[in-house]
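See structure below.
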Amino acid sequence: MDPQGVITLAQQALYTAVLLSAPMLLASLLVGLVVSILQAATQINEMTLTFIPKLLAMIATLVLAGPWMITYFVDFLRRLYQSIPSTIG
């Protein structure tokens, strides 16, 4: 395997990791922003208040986007495993 192939494979792996983690991270970011605005408006500065809404948002996102995430990841792994013979020989 040449260096360009290794770089391409690493780029594809990083792109897949970013794409699969983005929905959950964005949900957590949005919920955290909303809770922070509510905390600033009501002057309730409880650090544990953000944990439960973020957790629920991430679970909801996993339920909604989970099938797509698994399908995308399995397709990536299938392409990776199918490319092994061509990279070796």
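The values are calculated or read from the model by the stated rules, or taken from the named source; none is laboratory data. Computed from a prediction, not measured in an experiment: that's the story for all the values here. Every residue, glycine among them, receives a Cβ derived from its backbone with ideal geometry; neighbour counts consider all protein chains shown.
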* **Selection count where residues are modelled with pLDDT under 90 and surrounded by 13 or more Cβ atoms within 10 Å (Cβ to Cβ), scope the stretch 40-69** => 2
* Would you be able to say whether some residue in the stretch 45-61 is under 17 Å from the mean Cα position of the chain (by Cα) and of a type in the set (Val, Ile, Thr)? => yes
* Would you check if there is a residue in the stretch 22-36 being assigned to a helix (DSSP H, G or I), at pLDDT 90 or above and either touching an Asp or Glu at 6+ places or on another chain (Cβ under 9 Å) or under 30 Å from Thr87 (Cβ atoms) (or both)? => yes
* Within the stretch 52-59, can one find any residue that is touching a Ser or Thr at 6+ places or on another chain (Cβ under 9 Å), in a helix (DSSP H, G or I) and touching a residue at least 40 places away in the same chain (Cβ under 8 Å)? -> no
* **In the stretch 70-89, residue nearest to Thr8 (Cα to Cα) [restricted to those that are at pLDDT 90 or above and among the β-branched types (Val, Ile, Thr)]** => Val74
* Of the residues Phe51, Phe73, which is aromatic (Phe, Trp, Tyr) and within 30 Å of Met1 (Cα to Cα)? -> Phe73
* Structure fact -> Of those in the stretch 14-35 that are in contact (Cβ under 8 Å) with a residue 40 or more places away in the chain and over 24 Å from Pro53 (Cβ atoms), the residue surrounded by the most Cβ atoms within 10 Å (Cβ to Cβ) is Thr16
